[in-house]
Amino acid sequence: MARPFKSPSANAATRPPKAQAATPVESADPAAPSTSRSGQRLHKLLALAGFGSRRDMETLIESGRITINGQVAQVGAVVDEHDVVRLDSRILHLPFEAELPQVLLYHKPEGELVSQDDPEGRATVFDKLPRIKQGKWIAIGRLDMNTSGLLIFTNSGELANHFMHPRYEVEREYAVRILGELSQEQMAQLTQGIELEDGPANFESIHASGGEGANKWYQVVIKEGRNREVRRLFEAYHLPVSRLMRVRFGPVALPPRLKRGTMLKLEQKQVVALLEWAGLAVPRKPLKQLSPHDRDRATRVFVPKVRKQRRSLLETANAPATPEQRPARAPSGSRRIRQDADIKQASMQNARLNAGAKKRGERGRG
């Protein structure tokens, strides 16, 4: 049965009006902050990139050298991936999506300084570190010149801060050789605490681990990183330390295959485990799939070579231009540029030589 015809005018009159989407009203002031915009703090991104600590990055922002879209940045500014951040005229590429940091283990020998620069020109551990594309290496903890053992480097400021900040109380384990021997009462007193020049100090644990003759070995654990603390605790009982080596820092122990003066790069899964131990966010990017050969090559123990390290972002920004900096080398005026005529002349000469060799060969056969 056919349905009755409905006029379009009546259908349009009974249909409810279609709701229109509200269009956002743009502010007349382009510099006004957007309420719907989400981003991250500028000094945090600079620290995550490995350019320095957050405090150093705040100092750099206060200097007025950093701009956001042509405007001088302020401390606490929020940026996203659409903003153009510059240091003077240099564009900075910030890690809005966190990448997996790099971690290096180094068996430091005696006689090297843990310092970026030494006015006396002595050897430092930073002279041997390999180059990285972005950021800089940060030494987790320090070791005296006469102390050897485990030294950790990373380009993550947050990971380094979790290892070194006193509030986290990360354990440091040392193997100590002294000239003499401790009594049970002295060992108990060292765990309870004794008074030093800069306040009370103590070992979390201490136990004897053998020795020959007058030299005795002890394993000690502390949760502080004060200057020469282990040596001063033993020297309080007039027992000089003849050998001191760090064998563990937090969850990272000195691998047996890492000999003195060699380095080792941690695998990706080991770095993820360190981030989870520190309570830091693990990057959402999937781990790179490496072949067994590449994985073995990336985590192979190697002997570092002395290299000239790149200065940090703050040092580069504050360093004045020196007259010793040579400009780009211009091509010499006496240098002869190869022309097309030279190529043609060489081709003709080769053709004559080949023709002469062919004639000589024909005469020899005749």
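Things to note:
- In sequence order, the stretch 102-113 has phi-based couplings of 9, 9, 10, 10, 9, 8, 6, x, 6, x, 10, 9 Hz under the Karplus curve 6.51 cos²θ - 1.76 cosθ + 1.60, θ = phi - 60°, and Gly or Pro positions carry x.
- Summed residue charge, Cβ within 13 Å of TYR168's Cβ, Lys/Arg positive, Asp/Glu negative: -1
- Accessible area, probe 1.4 Å, largest first, for residues TRP217, TRP277: TRP277, TRP217
- Note, ³J(HN,Hα) from phi for the stretch 207-217, Karplus 6.51, -1.76, 1.60, rounded to Hz, x at Gly and Pro: 8, 6, 10, x, x, 10, x, 7, 8, 10, 9
- Backbone phi angles across the stretch 256-268, fed through the Karplus curve with coefficients 6.51, -1.76 and 1.60 (θ = phi - 60°), yield HN-Hα couplings of x, 7, 8, 7, 4, x, 10, 10, 8, 9, 6, 6, 5 Hz in residue order; Gly and Pro are listed as x.
- Percentage relative contact order, the stretch 156-255, counting C-alpha pairs under 8 Å, at least six apart: 38
- Candidate residues SER38, SER63: accessible-area rank, largest first, probe 1.4 Å: SER38, SER63
- Ordering LYS259, LYS44 by accessible surface, largest first, gives LYS259, LYS44; the 1.4 Å probe counts only protein heavy atoms, with every chain in place.
- Förster radius 51 Å - calculated FRET efficiency between GLU276 and SER63, Cβ distance, rounded to 0.05: 0.90
- Restricting the stretch 132-191 to trypsin sites (Lys or Arg not before Pro) that sit in a DSSP loop and have at most 13 other Cβ atoms within 10 Å of their own Cβ leaves LYS133.
- ALA298-HIS238 pseudo-label distance in nm [points 7 Å out on the Cα-to-Cβ vector]: 5.6
The values are calculated or read from the model by the stated rules, or taken from the named source; none is laboratory data. Here the structure is a predicted model, which means the values were calculated and not measured. Glycine gets a Cβ as well: all are built from the backbone with ideal geometry, and neighbour counts include every protein chain shown. All accessible areas refer to the heavy atoms of the entire protein, side chains included, with ligands and DNA or RNA removed. Shrake-Rupley method; radii C 1.70, N 1.55, O 1.52, S 1.80 Å.
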